[in-house]
Amino acid sequence: MRAAVLVEPGRFEIQARPIPKPGRDEVLIKVAQAGVCGADLHIFNGHYAADSLPMIPGYEFTGTIAAVGPGVTGLPSGGKAVVDMNIGCGRCFWCRRNEILNCPDMRQMGITMDGAFAEYIAVPARLVIPAPDDIPFGVFSLTEPLACVVRAARKSDITFGQSVVVIGAGPVGNLHVQLLRASGAAPIIVTDLSDDRIAIALDCGTDIGVTDPAQLQQAVVDATGGRGADVVIESVGNPTLYREALRLMRKGGHLAAFGLTGPGETLALPILDTILQENSVKRSVAGMGQDMHDALTLLVHGRIRIAPFTRASYPLAEIQPAFETIADRPKDLKTQIVLAA
């Protein structure tokens, strides 16, 4: 099979690799499409998972079941599927609570082990979720990123009628907006420095878009009756923006920490105000288990507009320029690597 191997930061090689043979309780997936995530870019730039190189990245993927290993039932060959990329032991305290990233034996496809920028990948059968055959792969490739957003909303207890600020209108920020809209949050305020991305967010359901940081706080105050937002979602990963998020939320409000910062970054919380005002901070990072099932359901039933995420597709042979040009293509919320129709 062909595989895009990141041999060192900034350099892919298309290599010939043996097609994996599914072992006991494993499934072989013929990869059809894989999205490029922010974490993939961090790996490409040498800022994350450098100790895993050389490696095949990629974990936002979908494809067809090509073969099943011994002991696997209920997953017919040829059917479409999505895959949960987080592999836990399945037995420990954290796995049983669907907190797999805390599992002592946790592994992640495309981050700590070879992933899906390849024609085939063998995965644990328990992580394979069958998908309808009459829906395009381009829809299913959004399941993993949407699952991360679903988990953030679940952890933050976001519900109808709540005012929400989303910091960052990139691919994840846009998914936050669309899920918030589907959940009945109002008003939804999004901020980003990119006029193009704010325009996309407004088209996808944002009530208010702000590109000038100096106008953001007043816009939030005006939209919330002077209180501040019920929830602020930081989806960029900038320590300065996290501090701004605390200023944007109301007394008794909630900060949803989603964007990944560099190691060692901290956020100072005024302890007395946090206690007296009953403010809160919750975190989430990756969708797993129920989050994946819920995300797939939302996509299958058309609750998410996928057009902004399907404007840029590259064949596997062109993965190098696909990665190198992402920063120059702000209108392309998601870049897809296409391996099969």
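The values are calculated or read from the model by the stated rules, or taken from the named source; none is laboratory data. Note that the structure is a prediction, hence the values are computed from the model and not measured. FYI the Cβ positions are ideal-geometry reconstructions off the backbone, even for glycines, and counts take in every protein chain you see. Remember, those area values only see protein heavy atoms, side chains included, never the ligands or the DNA or RNA. Shrake-Rupley method; radii C 1.70, N 1.55, O 1.52, S 1.80 Å.
Worth a mention:
- Residue check, Glu13 of a type in the set (Asp, Glu), at pLDDT below 95 and out of contact with any Phe, Trp or Tyr (no Cβ under 8 Å at 6 or more places or on another chain): no
- Test: residue in the range 275-293 that is free of Cβ contacts under 8 Å to residues at least 12 places away in the same chain and more than 27 Å from Ala199 (Cβ to Cβ): yes
- Counting the residues of the range 13-37 that are touching a helix residue (DSSP H, G or I) at 6+ places or on another chain (Cβ under 7 Å) and open to solvent by 20 Å² or more (accessible area, probe 1.4 Å) gives 5.
- Boolean, Val285 is open to solvent by 10 Å² or more (accessible area, probe 1.4 Å), within 30 Å of Ile100 (Cα to Cα) and in a loop (DSSP other than H, G, I, E, B): yes
- Qualifying residue in the range 303-322 (condition: more than 22 Å from Ala153 (Cβ to Cβ), surrounded by fewer than 13 Cβ atoms within 10 Å (Cβ to Cβ), of a type outside the set (Val, Ile, Thr) and modelled with pLDDT under 90): no
- Residue in the range 221-230 that is part of a strand (DSSP E or B), of a type in the set (Asp, Glu) and buried (at least 20 other Cβ atoms within 10 Å of the Cβ) present: yes
- Just one residue in the set Gly110, Gly88 is on the phi > 0 side of the Ramachandran plot and crowded, with 18+ Cβ neighbours inside 10 Å; that residue is Gly110.
- Subset of the range 323-333 (residues that are assigned to a loop (DSSP other than H, G, I, E, B) and modelled with pLDDT under 95): Arg329, Pro330, Lys331, Asp332, Leu333
- Of the strands (runs of 3 or more DSSP E) contained entirely in the range 146-215, those carrying at least 2 residues that are open to solvent by less than 10 Å² (accessible area, probe 1.4 Å) fall at 164-167, 188-191.
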